[in-house]
Structure formats: C-alpha cells, structure tokens
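The values are calculated or read from the model by the stated rules, or taken from the named source; none is laboratory data. Computed from a prediction, not measured in an experiment: that's the story for all the values here. Cβ sites come from the backbone with ideal geometry, for glycine too, and all protein chains shown count toward neighbours. The accessibility values were calculated without ligands, DNA or RNA, using every heavy atom of the protein model including side chains. Shrake-Rupley method; radii C 1.70, N 1.55, O 1.52, S 1.80 Å.
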Amino acid sequence: MSKLSSLERSLLDLLQNEFPVDIEPYRIMAEKLQCSEQEILESIQYMKNKGVIRRIGAVLDAKHMGFYSTLCTCMVADNRIEEVAGLINQQRGVTHNYLRDHEYNIWFTLTASSEAEARMIINRLESDSRVKIISMPATKVFKIKVSFEMSDTNGI
Amino acid sequence: MEYDDTDRKILKIVQGDIDLESRPYKKLAQEIGISEEEIITKIKNLQSKGLIRRFGAVLRHQKAGYKVNAMTAWKVPLEEAEAAGNTMAGYKQISHCYLREVHPEFDYNLFAMIHVKSNEELSNLLGDISKSTSIKDYIVLNSIREFKKQSMQYIE
C-alpha cells in the first residue's frame, strides 16, 4: 500500500475529530492546513478511492435515536458457516458480522427499534438457522470512540 | 420522538455519506426547502441533544494502518467492573469498552475492542491491561472473516 502523505494524515485527524459543521467545511479545513480547498477535496476523493475513508457524515447514537442494540454470538458447525452467516447478513439492523477464532465463532451486532423487536428478530434467526443465539446487551458503556490517530502513524 | 420531520430528512442524508462538494448541504437544502444555515443549526442541535454522537470521517481502520483489530472479553467480578472498565477506557488503543449481560454459556462480561498495528503490540498491550486491571481471565476473539460491516441506517 502506498504511504499517506503528511498532509493526508493531518487531514484524516481533522476529518475525524474536528470536522467543522459549517456551510463550507472544506474551506475552513484548508485555512487550518494552509492549503487550497481544491487540494482538500482531491485528497479526500483519493482516500475514498483507496478505501481509507468509508464515508463522511454523522455517527448517530443508537440509544439517543431510541434504538436498542446488542452483541450476539452463536456456535456454528464449520459446514454451516456460510449458510448461517448469510441468514444473519440479510437481516436489517445487523451492522457488523464476523467469523471469529473461538468455539462461539459467529459474532454480530444487531440494532432494532426496541428490545421486543430485537428479541423477535433473534427468535426468527434462531428458528431459521436452527442455532441458539446468545444476546449480550451492554449494561454499561465505558467508552465509544471511533476515531483513529493518524498523524503519529508512520509507515502507512 | 426527539426529532421533527425536517430533522428526519437531514438525518436520513447525514447518516450516510454527505456530498463531497465545497457546499455539501446545498442540494439537501434545496430539496427540503430550507437554507443551508438552517441545516447547520439543526445538525448542531442534534449534536447537543446527543442523537449525533460524532460528525466527520469514518475510516476503514484496516486500510488506515491499524492491521490488528481484536475483540477481547474479560471475566471480572461485578464489584470490580467499574474500576476495570474505567482503566480500559483510558487506553487509546481501545475504541469500545462495554460491560455486558452475562450468560452461563459465555460468562465473560467486559468487552474491549483493540486496534493496533502489530501482533507484538497486541500481546504487549494485553499483558499491560491485565496487570493494570488485575484481570487474569480473558480471551482474544480474532476476526477470521468479515461478513458485514456498515453503518446503521436508522432512517429508511
């Protein structure tokens, strides 16, 4: 993978942590980084094309939006992983779904409009897949941080 | 509901990827028939109410140089969970840390997502966290495959 320039790294830090909620956000960022707005827009497009930036927008809070979310896991036989993972993937509200290195091998997060709806979805997934699903809603949040420090990252 | 119909139209757009334009809200403003200034005010309002947790770029951490992304689960007595969770929250390599409902089948209750650049960094960090929290019993749930990863579409 080609390395990111120091401007790109500084830009990524700004884009993650100090994105101006303003009519012209990129003009403000250009002033801060002492470059042109066009350079900023081109750098962002480049990093989107490379897949470093997934999107730019709002990260909404499930709880404040009135939604219920939970982490689920199940134990699936090797020869059924594709099938069960596929069933889970199709479900609206499943945002992350991973195969992990443990006897509980499929792990997914489910966000639904209420606890009752989540329960109903899990019950239906259980009966469709014939696999028992363990649901582990959070009882306490210590940290949710989704930004990654870039300017101290060398060799990328 | 904590948001009105105009908020809903704004959230529907900003929950995804906003236009990569000098004035990213221009089109949205025309569509819903309010000014860009009003959109900015509404977004700031949604931020202060907590519905928008963060505004900015969402990265693909793997492509941003964080190659090792491990879900870790720790077994901690409930009365010690608060202190351990707060300690974990202080590590910049930990992005998410939650206490979760325990199950007899899977009774690890404290979950931490770790993002680092190498396996060596991971094992050093795990040793350090184990020491600083005095939790000896933990497992690392490495991801083998990603079936799905996307931002929640709260508004359809």
Item to complete: For the stretch B:75-90, indicate whether the set of residues that are surrounded by fewer than 15 Cβ atoms within 10 Å (Cβ to Cβ), more than 15 Å from the chain's Cα centre (by Cα) and of a type in the set (S, T, N, Q) is non-empty.
Response: yes
With criteria (1) open to solvent by 30 Å² or more (accessible area, probe 1.4 Å); (2) charged (D, E, K, R); (3) under 23 Å from B:Glu37 (Cα atoms), A:Lys63 comes up short on (3)
Reported set for the stretch B:56-74 where residues are within 30 Å of B:Ser134 (Cα to Cα), touching a Phe, Trp or Tyr at 6+ places or on another chain (Cβ under 7 Å) and open to solvent by less than 10 Å² (accessible area, probe 1.4 Å) is B:Thr72, B:Ala73, B:Trp74
Counting only residues in the stretch A:47-89 that are of a type in the set (Val, Ile, Thr) and outside any helix (DSSP H, G or I), the one farthest from the other protein chains (Cβ to nearest Cβ) is identified as A:Val76
Within the stretch B:30-46, of all residues that are within 21 Å of the chain's Cα centre (by Cα) and facing chain A (nearest Cβ under 7 Å), the one most open to solvent (accessible area, probe 1.4 Å) is B:Lys44
Okay, strands (runs of 3 or more DSSP E) sitting entirely in the stretch A:92-138 with 2 or more residues that are over 21 Å from B:Cys97 (Cα atoms), I get none
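For the stretch B:113-131, give me each residue that is touching a residue at least 40 places away in the same chain (Cβ under 8 Å) and either more than 8 Å from every other protein chain (Cβ to nearest Cβ) or farther than 28 Å from B:Arg54 by Cβ (or both).
Residues satisfying the conditions are B:Met113, B:Ile114, B:Val116, B:Ser118, B:Asn119, B:Glu121, B:Leu122, B:Leu126, B:Ile129.
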Check your understanding: Going by the conditions given, is B:Val102 touching a residue at least 60 places away in the same chain (Cβ under 8 Å), surrounded by fewer than 17 Cβ atoms within 10 Å (Cβ to Cβ) and of a type in the set (Val, Ile, Thr)?
Key -> no
Selection from the stretch B:128-156 of residues over 23 Å from A:Ala58 (Cα atoms) and of a type in the set (Val, Ile, Thr) yields B:Ile129, B:Thr133, B:Ile135, B:Ile139, B:Val140, B:Ile144
Exactly one of B:Arg53, B:Arg23 is assigned to a strand (DSSP E or B), open to solvent by 40 Å² or more (accessible area, probe 1.4 Å) and at the interface with chain A (Cβ under 8 Å from one of its Cβ atoms), and that residue is B:Arg53
